[in-house]
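What follows is a short report on a single structure.
The values are calculated or read from the model by the stated rules, or taken from the named source; none is laboratory data. Owing to the predicted nature of the structure, the values given are computational and were not obtained by experimental measurement. Cβ sites come from the backbone with ideal geometry, for glycine too, and all protein chains shown count toward neighbours. Note: areas computed on protein heavy atoms with side chains; ligands, DNA, RNA excluded. Shrake-Rupley method; radii C 1.70, N 1.55, O 1.52, S 1.80 Å.
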Amino acid sequence: MSNIKIIEVPHLGGISAAYQMPKPYDSSKPTMVMINSHRTTSDLYRLQFEDKALSDAMNMIAIEPLGHGQTRTKSEHFTFWDTAIMNLQVLAALGVEKWYVLGTSQGGWVTVRMALLAPDKCLGILPLGTSMDYESKRSTDLGCWDGYATNTPIIETLTSNEPTPDFEIADQTCHSVLDRGFGPDCSAESRQFWIKELKKNYRGDDGRQRLRMAAINLRDRDGLHGRLSDVRCPVLWLHGTADQVYSVRNAEEEIKMFINSPEARLETIDGGQHFLSYSHPREVIITITSRKRMNLIVGTFNTPSLHTLRFDSPTQTKDASLKILAKHNAIGSHSWLALSPSKQFLYCTAWTEPPSVVAYLINQSTKNQVTSIESAAPQLEYINSATIASRSGYVAVHPSGKFLYSVGGPSGEVFALRDDGGIGECIQALSFVEQEATTSQGLLHGDFGGLRHGAHSVDLSADGKSIYVADIGRNCVWTYSVNATPDSKNDASSAHLMLGGKHIAPRYNDGPRHTTPHTNGRMLYSLQEHSSMVDAFEVAEDGVTLKHCSDVKIIPGDKDPKDYWADEVRLTNKWRDDDGQPKYLYASTRGLKDSVKGYVAVIELDASGHLGHTLHIWESPTSGGWANAIEPAPASAYKDGLDNKLQKEWLALTDSLEGFVFVLSFDGQLIEEVARVCLGEGQQAATAVWL
């Protein structure tokens with residue numbers, strides 16, 4: 001119920017502004033400002049306040065407009081612009097620097113005014129069941145109410161030259177608000193609550209004057225059409241299909257007027273009433289918070305380009321979508337991508353001549369995982385490149401962001417990274433060549449410049465103290481300990497990487513391709529390209545000594561590994577046990593022939609990371625070509641405190657055969673495809689990273 005607080009702000013000679021919050025302000029969380037509708041109070045959002053998952057995820061601050069609730073000012077006259085200014089002063093007084101703002105009906109056009117007055121502070125607006133017009137003929141022609149005709153007799157009744165100490169809002173006026181706002185299904189309990197609130201708020205001479213001015217503002221407000229092009233923040237407009245005041249047709253026209261908003265989107269809620277947040281509270285919560293909007297970057301095997309993609313997760317009213325935002329020129333084909341810890345820089349393998357590794361700056365938009373609105377697409381800016389000894393299959397960045405690792409075929413390199421993200425000097429060269437020869441004879445698809453008969457990947461432990469190199473040709477995993485402060489001299493004892501050991505795969509025909517370390521640092525998973533197995537190794541305290549402990553087949557039992565080449569192994573970023581440890585492992589395989597489809601397997605893990613049984617094996621739409629690389633969305637996508645039953649884990653899957661990028665979902669039991677996009681004719685999708 002109400003937890004109203006009063007704060008004094010200076011506008012109009014002094015305002016006692018009323019607001020409420022379900023929890024104390026937490027500067028580490030995003031903030032949603034909420035503006036209630038005509039004649040209601042901040043209790044319009046009490047159902048959102050009572051949603052624990054939502055209140056855990058964000059600050060909610062509901063401010064009662066001038067003329068409403070317990071907000072008071074000595075000035076008899078005020079407008080919606082005055083309410084917007086008051087709200088900005090309230091937020092400043094509360095120490096809120098940046099915010100999103102949601103408003104119902106009249107609150108919707110207040111959100112626009114706030115965005116116009118404070119463009120540097122407003123991260124996005126969420127108008128609900130509203131209009132951006134004045135009470136015009138255009139509006140009524142589109143099916144909206146006649147606000148002028150409706151409010152004029154009310155204003156006349158409320159106008160008096162004499163004090164009215166016994167004034168009480170009429171029952172008919174109360175019911176008209178409830179009927180239009182909450183609709184025919186308004187419960188008797190809600191109707192009783194709001195009639196009591198209306199009669200409490202609008203009584204006596206002061207109540208009459210505030211109600212009259214609120215009605216005048218509603219009837220005589222200025223339209224915003226000419227100003228909407230100045231709104232430069234994202235807009236997510238929600239509108240109920242059963243809204244009795246403002247029509248969906250009007251909303252469909254007006255959302256197009258936000259021509260300079262980086263993202264302006266209208267979503268309708270079936271059966272939603274005018275006071276949408278109250279008639280359909282759960283749907284509003286789910287639509288605002290569960291529709292994840294995430295960007296990806298995808299490289300290719302065969303073209304000098306990078307693609308940025310945008311994924312919108314599904315809601316109750318919208319299917320998931322995946323679309324290409326931009327195609328960026330690159331200096332070569334980039335088969336493997338890695339992000340810096342800050343996600344400010346992108347590092348890529350480059351199949352150039354001579355071979356190289358490349359650094360790009362990522363100019364990302366302002367974003368927040370809790371809300372479903374976000375500004376413009378990321379831009380990529382080339383920084384520099386560095387020549388390497390042989391074609392790289394994989395790059396990785398140290399958790400400190402200070403070192404870049406590259407391996408491929410017979411060799412590898414360690415580079416220092418500059419403060420600007422550029423690739424600095426090579427501080428160590430690695431050689432995996434031994435006396436015995438390796439061969440690629442008979443390999444379908446060729447050897448990729450030595451990658452299929454040599455070292456293929458490099459992965460770091462979670463603490464950055466150990467490195468693991470999977471080597472297909474030598475059928476082993478090399479382990480190294482990491483010296484985070486290497487001596488600049490060429491002294492082996494002070495090198496950045498010190499060889500820990502060469503660990504031969506359990507089977508003669510395994511061909512370790514990729515590894516991934518468990519977050520606990522005590523388990524390493526090795527994916528075997530030739531045998532389509534995943535092997536688990538216990539990692540000793542030194543971080544470099546491995547002991548094989550279990551294995552699992554990652555293709556169906558009746559399938560022959562000779563028809564496949566396994567590709568990728570990754571831990572879940574969402575599904576965690578009570579101690580925060582991952583519960584599942586993903587592994588993908590490709591068909592060696594175009595006619596043989598690939599698979600993505602989900603393997604259960606116990607509390608210590610040991611392999612359990614295979615929970616699900618999903619057949620991919622194509623063979624995957626050279627790719628079928630699986631990449632889960634980052635853990636940050638799920639740190640919003642929302643009910644996990646409303647969420648699934650999102651996985652990117654790349655396909656070089658037809659150029660598709662897929663997004664899959666995993667709900668703890670099954671994998672399903674939810675969206676796909678083709679990069680274009682001749683574009684061989686390689687790997688993806690999530691921003």
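Look at region 243-257: where a residue is hydroxyl-bearing (S, T, Y) and crowded, with 23+ Cβ neighbours inside 10 Å and a partner is modelled with pLDDT of 95 or more and not in a loop (DSSP other than H, G, I, E, B), sitting 6+ places away or on another chain with Cβ atoms under 8 Å, you get Y246/S139; Y246/H239.
Does region 27-37 hold any residues that are at pLDDT below 95 and assigned to a loop (DSSP other than H, G, I, E, B), and which are they? Scanning region 27-37 gives S27, S28, K29, P30.
Considering region 10-28, and only residues there that are open to solvent by 10 Å² or more (accessible area, probe 1.4 Å) and touching a residue at least 60 places away in the same chain (Cβ under 8 Å), the residue that is nearest to E64 (Cα to Cα) turns out to be Y19. What do you reckon, is L325 at pLDDT 90 or above and open to solvent by less than 20 Å² (accessible area, probe 1.4 Å)? The answer is no for L325.
If M1 passes every condition in (1) within 22 Å of I285 (Cβ to Cβ); (2) at pLDDT 95 or above but one, which one does it miss? For M1, the exception is condition (2).
For region 181-228, residues that are of a type outside the set (A, V, I, L, M), part of a helix (DSSP H, G or I) and open to solvent by 30 Å² or more (accessible area, probe 1.4 Å) total 16.
The residue that is farthest from S279 (Cα to Cα), counting only those in region 163-179 that are touching a helix residue (DSSP H, G or I) at 6+ places or on another chain (Cβ under 9 Å) and charged (D, E, K, R), is D166. Close Cβ contacts (under 7 Å, 6 or more residues apart or on different chains) running from residues in region 208-219 that are under 20 Å from D166 (Cβ atoms) and hydrophobic (A, V, I, L, M, F, W, C) to residues that are open to solvent by 30 Å² or more (accessible area, probe 1.4 Å) and assigned to a helix (DSSP H, G or I) comprise A215/I154. Give me a count of the residues in region 59-77 that are assigned to a loop (DSSP other than H, G, I, E, B) and open to solvent by less than 10 Å² (accessible area, probe 1.4 Å). Matching residues across region 59-77 total 7. The condition (being within 23 Å of the chain's Cα centre (by Cα), open to solvent by less than 50 Å² (accessible area, probe 1.4 Å) and within 23 Å of L218 (Cα to Cα)) is satisfied by just one residue among V90, V33, V96: V33.
In region 446-546, counting only strands (runs of 3 or more DSSP E) that sit wholly within it, the ones holding 2 or more residues that are among the charged types (D, E, K, R), farther than 30 Å from N302 by Cβ and at pLDDT 95 or above span 533-539. Here region 406-429 is the region considered, the condition is being among the acidic types (D, E) and over 30 Å from R474 (Cα atoms), and the residue that is surrounded by the most Cβ atoms within 10 Å (Cβ to Cβ) is D420.
In region 149-180, the residue that is surrounded by the most Cβ atoms within 10 Å (Cβ to Cβ) out of those that are closer than 20 Å to D220 by Cα and touching a Phe, Trp or Tyr at 6+ places or on another chain (Cβ under 9 Å) is L158. The residue pairs whose first member lies in region 523-549 and is within 13 Å of T589 (Cα to Cα), whose second member is open to solvent by 10 Å² or more (accessible area, probe 1.4 Å) and among the hydroxyl-bearing types (S, T, Y), and whose beta carbons are closer than 6 Å, counting only pairs six or more residues apart or on different chains, are S532/Y564. Regarding region 558-576, can at least one residue be identified that is among the acidic types (D, E), part of a strand (DSSP E or B) and either within 24 Å of A686 (Cβ to Cβ) or touching a residue at least 60 places away in the same chain (Cβ under 8 Å) (or both)? Among the residues of region 558-576, at least one is among the acidic types (D, E), part of a strand (DSSP E or B) and either within 24 Å of A686 (Cβ to Cβ) or touching a residue at least 60 places away in the same chain (Cβ under 8 Å) (or both), which makes the answer yes. Looking at region 116-139, can you tell me whether even one residue there is within 23 Å of T41 (Cα to Cα) and without any contact (Cβ under 8 Å) to a residue 24 or more places away in the chain? No. I'd like the residue in region 39-53 that is open to solvent by less than 10 Å² (accessible area, probe 1.4 Å) and assigned to a helix (DSSP H, G or I) and, out of all such residues, is modelled with the lowest pLDDT. Residue satisfying both the conditions and the ranking: Q48. Regarding region 660-670, can at least one residue be identified that is surrounded by fewer than 20 Cβ atoms within 10 Å (Cβ to Cβ), within 17 Å of A627 (Cβ to Cβ) and not small (G, A, S)? No: region 660-670 contains no residue that is surrounded by fewer than 20 Cβ atoms within 10 Å (Cβ to Cβ), within 17 Å of A627 (Cβ to Cβ) and not small (G, A, S).
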